[in-house]
Amino acid sequence: MMDKTPETPYYAAIFTSVRTEGDRGYSEMSARMVELAREQEGFLGMESARNETGITVSYWRDLDCIRKWKNHSEHLLAQAKGKGKWYQSFKVRIAKVEKEYGFEKE
């Protein structure tokens, strides 16, 4: 499902990951992080997909809002658990979205 995003420009935090085997509490923490992110100042939306590689793109008003989210205490705990048991690898990319276009069937 794709969230509606505002007029450009805005920022995207692109999180790509390869998981380790098993859930070990991942699903519960992931759901909590989505819920928590939606409560943050400057959060604009989120899109996510997973096969072998997971991709989650969250949209933000500005870089300061992304920094605050990265350093949120509960999010820091999830990051530590991710490094310890849920991810084989991950990468975060921050981008400024300057243009957006698309297509949707009626």
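Each value in this text was obtained by applying a stated rule to the coordinates, not by laboratory testing. For clarity, every value in this text was computed on a predicted model and none was experimentally measured. Every residue, glycine among them, receives a Cβ derived from its backbone with ideal geometry; neighbour counts consider all protein chains shown.
Observations, loosely collected:
- The listed residues are D64, D23, and the only one of them that is exposed (fewer than 13 other Cβ atoms within 10 Å of the Cβ) and either in contact with a Gly (Cβ under 9 Å, 6 or more places away or on another chain) or assigned to a strand (DSSP E or B) (or both) turns out to be D64.
- Residues of the stretch 22-37 that are touching a strand residue (DSSP E or B) at 6+ places or on another chain (Cβ under 8 Å), free of Cβ contacts under 8 Å to residues at least 60 places away in the same chain and not small (G, A, S): V34 alone.
- Screening the candidates R67, R32, R61, R50 for the property of being basic (K, R) and either in contact with a helix residue (DSSP H, G or I) (Cβ under 7 Å, 6 or more places away or on another chain) or closer than 19 Å to E98 by Cα (or both) yields one hit, R61.
- On inspection, S89 qualifies as exposed (fewer than 15 other Cβ atoms within 10 Å of the Cβ) and in a strand (DSSP E or B).
- The one condition in (1) exposed (fewer than 11 other Cβ atoms within 10 Å of the Cβ); (2) hydroxyl-bearing (S, T, Y); (3) part of a strand (DSSP E or B) that Y101 fails to fulfil: (3)
- Residues of the stretch 43-61 that are surrounded by fewer than 16 Cβ atoms within 10 Å (Cβ to Cβ) and of a type in the set (A, V, I, L, M, F, W, C): A49, I55.
- All of Q40, Q79 fail the test of being surrounded by 12 or more Cβ atoms within 10 Å (Cβ to Cβ), outside any strand (DSSP E or B) and free of Cβ contacts under 8 Å to residues at least 24 places away in the same chain, apart from Q79.
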